[in-house]
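Right, one structure below, let's go through it.
The values are calculated or read from the model by the stated rules, or taken from the named source; none is laboratory data. This one's a predicted model, so the numbers in the text were calculated from it and none came from an experiment. Because the Cβ atoms are built from the backbone with ideal geometry, glycine has one as well, and the counts that use them run over all protein chains shown. These area figures cover heavy atoms from the full protein model, side chains too; ligands, DNA and RNA do not enter into them. Shrake-Rupley method; radii C 1.70, N 1.55, O 1.52, S 1.80 Å.
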Amino acid sequence: MLIFILKRVAGMIPAMFAISILAFTVIQLPPGDYVSTYAAQIAQTGEAVDSAVLANLRERYGLGENVAVQYFKWIGGIVRGDFGQSFEWNQPVTELVWGRMGMTALISFLTLITMWAVSLPIGIISAVRQYSVIDYLTTTFAFLATAVPEFLVAIVLLYISTMWFGVSVGGLFSPAFENAPFSLAKVLDFLQHAWIPILVIGLGSTAALTRIMRANLLDELHKPYVEAARAKGLPEGRLVLTYPVRVALNPFISTIGWVLPALISGELIVSTVLNLPTAGPLLLQALKSQDMYLAGAFILLTGGLVLIGTLISDILLAISDPRIRLS
Amino acid sequence: MSAPFDTTKDAELLDQQVHAGSLVAASQWALIWHKFSRHRLAMVALVVVVLIYLVAAFAEFLAPYDPGKFDPRYTFAPPQQIHLFLTDEDGTRFAPHVLGYKSQVDPKSFRRLFQPDPEKVIPIAFFVEGQPYKFWGIWEANRHFLGPLDKADPFFLIGGDRLGRDLLSRTIHGTRISMSIGLVGVTFSLIIGLILGGISGYRGGLVDRVIQRVIEFIRSVPTIPLWLGLAAAMPKDWPPLQVYFAILIILSLIGWTEIARVVRGRFLSLRREDFVIAARLDGVSEFRLIMRHMMPSLYSHIIAAITLAIPNMILAETALSFLGLGLQPPIVSWGVLLQDAQNLRAITQAPWQFVPGVCVVVAVLALNFLGDGVRDAADPYAK
Amino acid sequence: MSDETILKVRNLSVDFPIQKSVVHAVKQVSFDLKRGETLCVVGESGSGKSVTARAILQLVAKPGAITGGQILLNTGSGEVDIVKLGSRGLAIREVRGRRIAMIFQEPMTSLSPVHTIGHQIVETILLHEKISKEEARKRAAALLGRVRIPEPEKALDRYSFEFSGGMRQRAMIAMALSCNPEILIADEPTTALDVTTQAEILSLIRELQRDRGMAVLFITHDMGVVAQIADRVMVMFRGEKVEEAGVFDLFERPQQAYTRALLGSVLKLETPAPRPPRPAAEKPIAKIENLELHFPLNAGFMGRPTNYLKAIDGVSLTINQGETVGVVGESGSGKTTLGRTLLRVYDPTGGQVMYWPSNGEPVDIATLNKAGMKSLYGEVRMVFQDPHSSLNPRMTIYQTISEPLRTNTDMTERQMMDRVSELLARVGLPPDIGDRYPHAFSGGQRQRISIARAVAVRPRLIIADEPTSALDVSLRHQVLDLMRDLQNEYGLSYLFISHDISVIRYFCDRVAVMKNGKIVEVGDVVQICENPQHAYTQNLIGAVPRPDPRLRADAPQ
């Protein structure tokens, strides 16, 4: 098992490398470089530009040298925990990203758990009771949920809560807790706010997962091993749960690979609309003002988050499916 | 007990004659249509999709106004109701019309408040003369499908936006952009997906492994940050048409993977199919083998894949534009229109700004149902 | 065997509603099953034999349903009507696995892939008996030992995918027997297995039955298996019971026309078709020498692979002009791969395939270039096993049959149309069906179409890869006779690949026996079948169930 995990971790290295190249490309894409932008910005404020500082910065990022050198200086910095400088905030990127990324990871994780908790039972019921009222309802709902963009759901929710209930639903904390230290009350306050983004972000993927669970299970329900288990006298409920569901769970687990990227994408949009203190609004702001080191850091980290998620799903899959574990 | 028995002859009878009906000479398309047409929801979806694309095709004619025409007097003008009968001193008669607005500015909020004005009767009709336009940028015309007889009169069937532009006209024009992004973007994806997926599945080996890794990688990257990153890198001074195509390319750079996956999968299984090996052993050329013996099994699957890819393109464009990193005004797409709905104040004052959102949902829903129907019918020979 | 009846089936009917019509899968079937006896239910595909078996355990898959009749189980303290128990609830579950157990056709998929063998057997025991887990496990191990699975203790903790097909079927049997059922229903339990494994499983079932005095309801399509194990036989055809008799009576004095037809087509294969004598001086048409096809197993990164899958491992075989050479072997023996390698579907990794074309010098197919292969495709043809997958469903019959004409001849469209009609008539089909698609035809008809395609260009050598395996037994000799007629007409040579000794014996002049990519024995078909030399061949021939109950050890004199 340990060897299996080590192998998977080693397998992630090329993917991580590819993501870093991608993030670096995005950083490099806009015309001009960071230092000239920085210089122009300072010049705008009317202050004198210290050419020694600029030269220092150029040296640090390897500007003027070839792209490979720039890349390695950048990635070398990241390995040491230095993501570069945000010129818009005039702060090291590191100070800006971690808190926000942490929130994004937390929200994504909570959403993932909620999604599974919801889609698993519904998917099972809708497969076992195929063509029943419940099945038709979930099918209709699933189609609808996949067709509505997340941000639209977020706005409609905003609209409804404001117009009908007169409460605003933005943010993740009440103002009183915004800067309060960690406490049980703060966690409760967080959960009171967090269910809305979780609902909105998870809606589409929950629908998709329900459909997948239903389809997987329908495939399994008519396999010979189910009939064989029935022939030995297992009660129907236990039969379904311990045999076909158990097998259908495996492809379900491996959906993390694409659900997580979708979740993070959704989180970015929804957090912008709901104005959450997560990576989304900051990334968007960074991109709009071409604050590329900050943007690049976010892209790199979201990619890393997906890789970690995929690793976890691989491990879960190996635990759950002996065919993978033993071959 | 029974008469002498000729084994051979009776054995012949055992070879049951299956299918003697009307489908014996039915081609795959006839069978697919036969199967598809039994899928009622997909049939409805097909009609809806055709209607939406007709709206996109005849946008200039269907829209009462140019999407850019604005009038500050009608900021956030509410939707008008169509009245079919008019009652005045001459009695009641059939005279379709809408009512003009009485407006006043609320002293507290400085908002303009509108009331329908029964005094201002604005007669409307089909095929009215209105603002001149160039149909498809080629033919000069000024007929509109529906509009006020006097083109100076206000006509806001689903309301106006913050600059007093007609939301209906803008939504109709947005239909053209959004739906074409879907279609053209999918065409790009199809070209990339078909070539890479085809090579991957037909050649196999190292090429296949490399392409597979690339696809896996692209699928594991969260799309929105990447799209945003690429879109943000676009120079801000590009003309709208260039932005349009740049967005198309950005979307299809990621969208091709699903089509490639389908094409590769089909090619891989087809390559091992006995009838393909049989054709190879008939001595047919490689080109004929692919085009004549393999491709026909792929068409329906490709159609299903692209039908299901279009809604994703539309959703992606909508999200990008909504966030302000996709298409930019003056281009109108559903996503661009929804930018106006980002602001809570704007939507509480004028909830009709959700209409483009409804269009997105309807279009995506219809395309998904259609794609599902096609996919289910795509292989009429499966048991 | 006692005379006590344990199961009485009376007027059983099962219907399957399909869209607007209803398929009557089982129509008013009645039979008795006595303690300790083996009743074989035999019939071709679609005869309703499997549905009957499933109905007894209330396992008919939706939308099918039992629509009438009784299934009376003698519980010792009275009769229980299983039909009345319904498909759910405690009452039917007490019957399933406890009183009546069942084993299935597909050992590969009948066991759960995510549970250990031990878990599945222990679960069954604990369902029906109040004993401790440890005791149940002990009994499970004993059962695995009883069905002769080596190292039963260890086997308990293994997964089904770690076992071969035969071992899985043994495990399945162990599970079925775990609660000492009075009736075992076996639904084609050996159909998916090789013939030697089949023999082992059959003797195991027979042995266990005698030990336990169990009644066995054995579903099969194979008259040979029936002759081997049945006490009584029930013949079914299109949902109806045709005939029921003791096994010796049935084979000697079949009463019904259908039974006679069925037995006739089986027995016809038992007597080899008359063959013209071979000329004294044979002229070879193809000569395979030391042919090898190795696939690297551990495709080493950069370095050389160290381990190979030797699909074909040094095969030498000669096919003479006008001769039919059979290749027989079990699954995985490499026989199909051999056929395909001869036409370079796979490129051989060593050896030679010399071929003497109609005009010109012999060529080595193994190293022939593209142009050379192209000229060969018109002379050497192939017929595939599965007539459903070898015809392109999207092309009409005319398009399919004319394809080789189009690429190998200069015929005009008009000429091709005439030729296709002529060919269709020749293979016994109406000549005007060219515009139809394959889905309009049955398996036997499709195989005739495949043969028409193969002979369209007047080939000299046909590689026939199990051309009759996918067909019901009654159709097999028809297709073989057609191939024989075409051979006489066109002077064809055949390389005939099959796993079925009876078909080989009926059709071939010589036969090569393959195992693990090697030929273990070659010789005249009569000699190989009657007097095999190699141990493997002896085992193989001995395992083939012959459709003659008189050959049984317990046959009355």
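Here is how the numbers come out for the structure above:
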read-out: Residue count for segment C:464-481, restricted to those that are of a type in the set (A, V, I, L, M) and either under 15 Å from the mean Cα position of the chain (by Cα) or open to solvent by 10 Å² or more (accessible area, probe 1.4 Å) (or both); value: 4
read-out: Those residues of segment C:419-442 which are open to solvent by 20 Å² or more (accessible area, probe 1.4 Å), within 13 Å of another protein chain (Cβ to nearest Cβ) and touching a residue at least 24 places away in the same chain (Cβ under 8 Å), in sequence order; value: C:Gly428, C:Asp435, C:Arg436, C:Tyr437, C:His439
read-out: Positions within segment B:371-383 being more than 10 Å from chain A (Cβ to nearest Cβ) and of a type in the set (Asp, Glu), in sequence order; value: B:Asp376, B:Asp379
read-out: The one condition in (1) surrounded by 13 or more Cβ atoms within 10 Å (Cβ to Cβ); (2) within 14 Å of chain B (Cβ to nearest Cβ); (3) not in a helix (DSSP H, G or I) that C:Met416 fails to fulfil; value: (3)
read-out: One residue from A:Arg230, A:Arg214 being part of a helix (DSSP H, G or I), over 21 Å from the mean Cα position of the chain (by Cα) and within 14 Å of chain C (Cβ to nearest Cβ); value: A:Arg230
read-out: From B:Arg176, B:Arg143, residue being in a helix (DSSP H, G or I) and either farther than 23 Å from B:Leu62 by Cα or among the charged types (D, E, K, R) (or both); value: B:Arg176
read-out: Elements of type helices (runs of 4 or more DSSP H) contained in segment C:459-557, each with 3 or more residues being in contact with a helix residue (DSSP H, G or I) (Cβ under 9 Å, 6 or more places away or on another chain) and among the β-branched types (Val, Ile, Thr); value: C:501-507, C:525-530
read-out: Complete set of residues in segment B:235-265 that are more than 25 Å from B:Ala378 (Cα to Cα) and open to solvent by 30 Å² or more (accessible area, probe 1.4 Å); value: B:Pro235, B:Lys236, B:Asp237, B:Trp238, B:Pro239, B:Pro240, B:Leu241, B:Gln242, B:Phe245, B:Ile249, B:Leu253
read-out: Test set (1) assigned to a loop (DSSP other than H, G, I, E, B); (2) surrounded by fewer than 20 Cβ atoms within 10 Å (Cβ to Cβ); (3) in contact (Cβ under 8 Å) with a residue 24 or more places away in the chain - C:Met411 fails condition number; value: (3)
read-out: Residue check, B:Leu268 away from every other protein chain (no Cβ under 11 Å), surrounded by fewer than 22 Cβ atoms within 10 Å (Cβ to Cβ) and in a helix (DSSP H, G or I); value: yes
read-out: Near pairs, Cβ below 6 angstrom, 6+ apart or cross-chain, from segment C:260-275 (at the interface with chain B (Cβ under 8 Å from one of its Cβ atoms)) to any residue that is surrounded by fewer than 21 Cβ atoms within 10 Å (Cβ to Cβ); value: C:Arg260/B:Phe5; C:Ala261/B:Thr7; C:Ala261/B:Asp10; C:Gly264/B:Thr7
read-out: Out of C:Arg460, C:Arg484, C:Arg505, sole residue that is more than 21 Å from C:Lys268 (Cβ to Cβ) and open to solvent by 10 Å² or more (accessible area, probe 1.4 Å); value: C:Arg460
read-out: Subset of segment A:173-189 [modelled with pLDDT of 75 or more and buried (at least 17 other Cβ atoms within 10 Å of the Cβ)]; value: A:Phe173, A:Asp189
read-out: Residue selected from segment A:283-307 under the condition over 22 Å from A:Ala15 (Cβ atoms) and open to solvent by less than 10 Å² (accessible area, probe 1.4 Å), by the criterion farthest from the other protein chains (Cβ to nearest Cβ); value: A:Leu294
read-out: Unique residue being under 27 Å from the mean Cα position of the chain (by Cα) and open to solvent by 10 Å² or more (accessible area, probe 1.4 Å) when the list is C:Lys8, C:Lys20, C:Lys49, C:Lys34; value: C:Lys49
read-out: Residues (within 30 Å of B:Arg112 (Cα to Cα) and open to solvent by 30 Å² or more (accessible area, probe 1.4 Å)) located in segment B:56-70; value: B:Leu62, B:Asp66, B:Gly68, B:Lys69, B:Phe70
read-out: Residues of segment A:124-156 satisfying the condition of being among the aliphatic types (A, V, I, L, M), within 30 Å of A:Arg238 (Cβ to Cβ) and surrounded by 15 or more Cβ atoms within 10 Å (Cβ to Cβ); value: A:Ile124, A:Ile125, A:Ala127, A:Val128, A:Ala142
read-out: Cβ-Cβ under 6 Å pairs, at least 6 apart or on other chains, segment B:170-192 side open to solvent by less than 50 Å² (accessible area, probe 1.4 Å), far side among the polar types (S, T, N, Q); value: B:Gly174/B:Ser333; B:Ile177/B:Ser333; B:Ser178/B:Ser333; B:Gly185/B:Ser252; B:Ser189/B:Ser252
read-out: Test set (1) part of a strand (DSSP E or B); (2) at negative phi - B:Phe127 fails condition number; value: (2)
read-out: Hey, C:Ser389 surrounded by fewer than 21 Cβ atoms within 10 Å (Cβ to Cβ) and farther than 20 Å from C:Asp485 by Cβ or not; value: yes
read-out: Test: residue in segment C:323-331 that is at pLDDT 90 or above, charged (D, E, K, R), surrounded by 17 or more Cβ atoms within 10 Å (Cβ to Cβ) and more than 30 Å from C:Thr190 (Cβ to Cβ); value: yes
read-out: Number of positions in segment C:533-557 that are of a type outside the set (Ser, Thr, Tyr) and under 23 Å from the mean Cα position of the chain (by Cα); value: 14
read-out: In segment C:7-29, the residues that are touching an Asp or Glu at 6+ places or on another chain (Cβ under 9 Å) and under 28 Å from C:Pro547 (Cβ atoms); value: C:Leu7, C:Val9, C:Ala25, C:Val26, C:Lys27, C:Val29
read-out: Residues within segment A:251-278 that are part of a helix (DSSP H, G or I), away from chain B (no Cβ under 14 Å) and open to solvent by less than 10 Å² (accessible area, probe 1.4 Å), tallied; value: 1
read-out: Hits in segment A:127-185 (condition: more than 30 Å from A:Arg100 (Cα to Cα) and in a loop (DSSP other than H, G, I, E, B)); value: A:Arg129, A:Gln130, A:Tyr131, A:Ser132
read-out: Pick from segment C:75-96, criterion open to solvent by less than 30 Å² (accessible area, probe 1.4 Å) and at pLDDT 90 or above, ranking: nearest to the other protein chains (Cβ to nearest Cβ); value: C:Arg96
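Results for (1) modelled with pLDDT of 80 or more; (2) within 30 Å of B:Arg213 (Cα to Cα); (3) open to solvent by less than 40 Å² (accessible area, probe 1.4 Å), shown as yes or no for each residue.
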| residue | (1), (2), (3) |
| --- | --- |
| A:Thr25 | yes, yes, no |
| A:Gly46 | no, no, no |
| A:Glu59 | no, no, no |
| A:Leu63 | no, no, yes |
